[in-house]
Each structure stands twice: as C-alpha cells, then as structure tokens.
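Data block below; observations after.
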Amino acid sequence: MKTLSENDIHKLIQAVHSSRKYRDLLLPDDLLRDLISVNLPTSKDLAELKTNFRKALHNVIAPYLEDIDYKQETHQLQKIAPTLKHPESLKAYCLEIMSRHASTKERLPHLDQFFGTIHETVGAPNSILDLACALDPLCLPWMNLQPDVSFKAYDINGARIGFLQAFFQIAFPGAQAFQQDILLNPPPERADCAFFFKEAHRLEKRQPGATRILIENTDVHTFILSLPAMDLKGHHSLEATHRHLVEKTLKGTNWQQDVRQVGNELLFFIRKEPAK
Ligand SMILES: C[S@@+](CC[C@H](N)C(=O)[O-])C[C@H]1O[C@@H](n2cnc3c(N)ncnc32)[C@H](O)[C@@H]1O
C-alpha cells in the first residue's frame, strides 16, 4: 500500500485504545502512527496492514507486559507511603515490585555491583536520563545519587509512568517520569549520562539503525547501553550478536566504548565526548 486515509489511520489507532490488551496503557498516538506508517509499504491491503501493525505493536510492548495492575499498585503505594521513609522498607518494597518484571528481576542479585560498576566508570553523575525505563527507577535506592541529582525517566507505557510518578512523589521528589516515545521524541535536555538498558536489540527490530539515531539525538557525555549476555531462559549466548550490534552502531563515529559485564548484562559505556 502506498497511502492510507486519515479515517483508516484513526480507526486503527482507536482499535488499539479500546482493546482489552492495551487500553490501560494509554499509548501515545505518535507511536501508533509511526508503526502504521513503517508497515504501510510492505502491506498489500488494509487487512494485511492491520496484521502487520498489530504484530509490530506486540513486539514493542507485549514481551515486557507483566501482570502488575498499576492503578491498584499506586493505591497501595499511597497507603504504605509513611513506612517507605525507612531506607530498608523502601528497598524491600522496590525489590518486591521489581521481582514482578522479567527485565529488572534478573538484575536483582547484582544491584550493588551493577550501579557500583557505573559509578566506577562514569563517576557521580549530576543528571541522568533513563530511556525506556520500565521499572529501572525502582533501582534508585541502589544508585547512591546525591539528593540534588536530576533523574528523568521515559517510557511509552502510560500506566507504568503514572505509577512511577506516584513513587517519585513519595520516595524521590526530585525525580520525574514522562510518557514519551524516545525514538520519535528524544529528550532535548543535556545530561551527564543516559541509561538505555536492555532495549536496543528490540528497538533495532522496530527500525534498523534506530540505536544510532537515538544516541545521536541524546545530548549526553556518556550513553550507557546494556544488553543481555544470554537469552532470558539462559540457554543461548547472545554476546557475539550484541557486541556486533554495538560495533555496527558505532561504526564511522569517534565515540569510544568500554564494555563490562555484570550478571547477565553487558554494559556498554559509549563516550560521545572526550573525558572531562
Ligand atoms: C525491556 S523492557 C525494560 C527495560 C528496562 N530499561 C530494564 O532494564 O529493565 C522495555 C521497556 O521499554 C519501553 N519502550 C519500548 N520502546 C520504547 C520507546 N520507543 N520509547 C520509550 N519507551 C519504550 C517499554 O514500554 C518497556 O517498558
């Protein structure tokens, strides 16, 4: 197909907003429009476009949809807010929530080492952008940041962002969470570093070369990207494939990379600028 009427685009978008699977996520229209337009040229008719669009959306969102009811969790969080003043209770709460999301769950045994490695490599950042964050911000108690650090988190999942905003208000009032497609609308502000954990391989599936575009458009000194070293079941090594993804992303640039491994995560420190 070459074109699609505005009316058909609208209907495809509305179908997502009213579907049981996605309605609570309040997905941004620009993301949905983008997925429609990239699938247009390879679809022969509207029926095929619907299928391809749904598949593309599933690949972006669904593999990391956990069964957390964020409205209910937010309500619960507000009820227990006073107890979270104690650092140990706050950590216990964060661990419990993160253990329900596949991606943060596998990082839990290594939290101190993970953020210790980041600290050793980039020092103490004053500003951080957490891109495609999911539940990463619940690692804040392990990040050992100064109280005045600027921490901004971005995800397309509106339900998760609503929960993170409530969490920040209670536990980290200086931090902010935004519902935003970081590929279409990368944060414009300058920061010391960006976190982009365990998402580059999937962003590349959505749009080959997207990681390079994202790094170019993110105004940071160091872009910290992580990728899994093994698949989620622990059966296959992904190390060569993921090192290759980063090599390809950096090809032709003067960006420098350092690689470290913590648990199942390969941490790529991509320096866009010379050492300070
Ligand atoms: C692999 S999961 C979690 C990654 C998380 N950084 C971690 O390490 O646990 C991917 C997350 O990225 C979000 N996401 C995917 N594409 C995105 C985009 N273009 N902009 C913002 N968030 C995105 C999804 O909603 C999901 O929460």
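In this structure, the pairs whose alpha-carbon distance is over 23 Å, taken from Lys50/Lys71; Lys85/Lys152; Lys50/Lys205; Lys21/Lys205, are Lys50/Lys71. Estimated from helices alone, the mean residue ellipticity of the chain at 222 nm is -13500 deg cm²/dmol (sum of -39500 (n - 2.57) over DSSP H runs with n ≥ 4, per residue). Here His75 and Thr42 are evaluated by their C-beta separation; at R0 = 25 Å the FRET efficiency comes out at 0.05. Report note on the peptides 94-105, 74-85: ranked by the mean count of other C-beta atoms within 10 Å, highest first, their order is 94-105, 74-85.
When you restrict to C-alpha pairs under 8 Å that are six or more residues apart and normalise by the size of the chain, the relative contact order lands at 16 percent. Simple rule: put +1 on each Lys or Arg Cβ and -1 on each Asp or Glu Cβ in the chain, find the dipole, and look at Gly174, Ala240, Thr74; the Cα lying farthest toward the positive end is Ala240. Let me check against my output: what whole-number percent is the relative contact order of the range 6-64, with C-alpha pairs under 8 Å and at least 6 apart? Relative contact order comes out at 26 percent. The spacing between the range 129-175 and the range 6-60, judged by their C-alpha centroids, is 28 Å. Dimensions of the chain along the principal axes, based on C-alpha atoms and rounded to the nearest Å, stand at 55, 50, 40, largest first. Averaged over residues, the count of other Cβ atoms within 10 Å places the peptides 240-253, 107-120 in the sequence 107-120, 240-253, highest first.
Throughout, read-outs are computed from the coordinates displayed, never taken from laboratory work. What you see is a predicted model; the values in this text were computed from it and never measured. A quick note on method: Cβ atoms are made from the backbone with ideal geometry, for glycine too, and the neighbour counts reach across all protein chains shown.
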